[in-house]
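Structure first, commentary second.
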Amino acid sequence: MESNNKTQLTKRDITRTYLRWWWTAEISNSFERMQSLAYAASMGPILEKLYGKGSQGLKDGLQRHLAFFNTQAIWGALIIGTTVAMEEQKASGEDIPDETITSFKSGLMGPLAGIGDSLDFGTIQTIFYSLAASFAVTGNFLGAFFIVAFSVIHFFVGLGFMHTGYQQGRKSIMDILQSGRINAMIQTASILGMFMMGALSANMVRLETPLEFNVSGSVINVQETLDGIVPGLLPLAAVLLVYWALKKDKFTLSQLMVIITIVCLVGAFFGIF
Amino acid sequence: MQSVLLMAIVSGLWYWFSAGLAGYTLFSMLKSPTFIGFCLGLLWGDPITGIMAGGSIEVVYLGLVAPGGNIPSDKALAALIAVPLVLMSDMSVELAVSVAVPVGAIGVLINNLRRYFNAIFVHRADELAVEGDVKGIWRNATWYPLALGFVMRFPIVFVANYFGADLINQLLTIIPEWVLHGMSVMGGLLPALGFATTIFMIGKREYIPLFFIGYFLVEYSGLTTIGAAIFGLMIALIISYMGGFPRLRGEIAAESSREEVSPKTARRTNQDAIDEMMGRK
């Protein structure tokens, strides 16, 4: 059933491939092959349309896209968009070896995952979510709105990447990776993120001491004394201590949770907090 | 209508579906404790308490990225058990955070279990690919793993919420005052963990002074969060227009511009950070 006519993919095909990828990217994630099943499942209908139902091209294509794959799915949409274009050219008779497609995928999944994880999730999402939480703890429904807003924006960013990848192919990814824009975005987001962590720590970390000392007749209130020097010293010290413990590689996250529990309980027992 | 049974069913289904990870940007929303708090609060007729509890849990887990799908702690499970308990029992919001944290750790085990079992489906897909069965591959990529997830996830949350409120109410009368006080101190202190994790993720020493500017700006002026965000964004844009930090400019470019990087190189930074925090190294 190999046909020589070029099958033209429409914009709708590309959008639907993105929707499949968006829906299924993480569902079948396994330790063995990560997102490979999701990739093949998303490409399936495109391959069927290009090579024909039951054709050898389809069978080869499905197996090709079951190769190990793992990335951040939003930036990874650039990759899947590009491979759709590559498959389209291959199906129309151009000589594109299997290895070209596979090595293109495995070469770029790492760098794009790096950007996606650190920029989208590590920084921008954290800023959105921390703003959301700061509203939420005061009982303000705007908190829920920020969470939804990030998801909606993120969805459309991925859709944009999908179409960019399809229309401009592998060159678009290299351009994006090499231009200074990504770098500038990561820096701007990191600076804002770091600033917001400071501002929110001041708002949301709470630690006070009721300790009082009786020095030669006059009562010294520890909390008031500390506030007199610099406000917010205790919460700041807590954040910096935890950061130091993570950075120096002395403790793991779970150990820190246990330590905080013990410190709080012991402190409460002796009336330090 | 406040029905414990309904709450237990909804939160059980919620855990099953959100942890099934359908819809790449959908599940990040469904797993957010803030969003969970708001929705379950609505269901119970008290969205304000719900979102307050959710937001408090959210802060603890800020900055935890899941590179390669390895979640360091399951904040959705934490929220889906702690938020209903706040709504249905006499437990305070501060206490909820201390209850949530150990629960979140259990979720990691369930998630790892899921990813071992998912290998079954990729093997079946290998066979179906040879036959060119597009629909079969789709079923193995979506519906079967989701169905498996139901068995693994729904019962835990359902049972915890169906019987949990009574248990918590009984415990609250037995537990001595100083323990309760200690746990609510903990509720105020645990957010430090979330912020420190984020600072650790963003890393680079050039950014550290910005943390202190943000902290003391709010301490001294009592600025609101949105106010702080405006100042922060402007500072970030100014620094970026001036060309950013020169040392970091080279570093990031070198990390991401090479096409021949081995598949996981660029991922390693984050993965390492998480590994270190989880003590896998």
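The values are calculated or read from the model by the stated rules, or taken from the named source; none is laboratory data. The structure displayed is predicted, hence computed values, not measured ones. Note that each Cβ is placed from the backbone with ideal geometry, even for glycine, and that neighbours are counted across all protein chains shown. With ligands, DNA and RNA removed, areas are computed over all heavy atoms of the protein, side chains included. Shrake-Rupley method; radii C 1.70, N 1.55, O 1.52, S 1.80 Å.
Please indicate, with yes or no, whether at least one residue in the range B:232-239 is more than 9 Å from every other protein chain (Cβ to nearest Cβ) and in a helix (DSSP H, G or I). There is at least one residue in the range B:232-239 that is more than 9 Å from every other protein chain (Cβ to nearest Cβ) and in a helix (DSSP H, G or I).
Just one of (1) surrounded by fewer than 24 Cβ atoms within 10 Å (Cβ to Cβ); (2) within 18 Å of B:VAL159 (Cα to Cα); (3) in contact with a helix residue (DSSP H, G or I) (Cβ under 7 Å, 6 or more places away or on another chain); (4) not acidic (Asp, Glu) trips up B:PRO102, so point out which. Against the list (1) surrounded by fewer than 24 Cβ atoms within 10 Å (Cβ to Cβ); (2) within 18 Å of B:VAL159 (Cα to Cα); (3) in contact with a helix residue (DSSP H, G or I) (Cβ under 7 Å, 6 or more places away or on another chain); (4) not acidic (Asp, Glu), B:PRO102 comes up short only on (3). Listed conditions (1) modelled with pLDDT under 90; (2) buried (at least 19 other Cβ atoms within 10 Å of the Cβ); (3) of a type outside the set (Ser, Thr, Tyr) are all met by A:ALA202, apart from (1). Taking the conditions exactly as written (in a helix (DSSP H, G or I), open to solvent by 40 Å² or more (accessible area, probe 1.4 Å) and more than 8 Å from chain B (Cβ to nearest Cβ)), does A:ILE153 satisfy them or not? Against the criterion (in a helix (DSSP H, G or I), open to solvent by 40 Å² or more (accessible area, probe 1.4 Å) and more than 8 Å from chain B (Cβ to nearest Cβ)), A:ILE153 qualifies. Of the listed requirements (1) free of Cβ contacts under 8 Å to residues at least 40 places away in the same chain; (2) more than 24 Å from B:GLY187 (Cα to Cα); (3) within 27 Å of the chain's Cα centre (by Cα), B:PHE150 misses just one: (1). Contact map, the range A:47-62: first residue over 18 Å from B:ALA125 (Cβ atoms), second residue of a type in the set (Val, Ile, Thr), Cβ cut-off under 7 Å, separation 6 or more or different chains; pairs are A:LYS49/A:THR7; A:LEU50/A:THR7. Screening A:THR164 with (1) of a type in the set (Ser, Thr, Tyr); (2) touching a residue at least 60 places away in the same chain (Cβ under 8 Å); (3) facing another protein chain (nearest Cβ under 7 Å) gives one miss only, at (3). Being surrounded by fewer than 22 Cβ atoms within 10 Å (Cβ to Cβ) and at pLDDT below 90 is a property that does not hold for B:PHE216. When A:THR261 is tested against the conditions (1) open to solvent by 30 Å² or more (accessible area, probe 1.4 Å); (2) within 9 Å of chain B (Cβ to nearest Cβ); (3) outside any helix (DSSP H, G or I), the lone failure is (3). Listed conditions (1) more than 7 Å from every other protein chain (Cβ to nearest Cβ); (2) of a type in the set (A, V, I, L, M, F, W, C); (3) closer than 26 Å to A:PHE128 by Cα are all met by A:VAL215, apart from (3). In the range B:127-173, the qualifying residues are those that are among the acidic types (Asp, Glu) and within 30 Å of A:GLU48 (Cβ to Cβ), and the one that is least open to solvent (accessible area, probe 1.4 Å) is B:ASP133.
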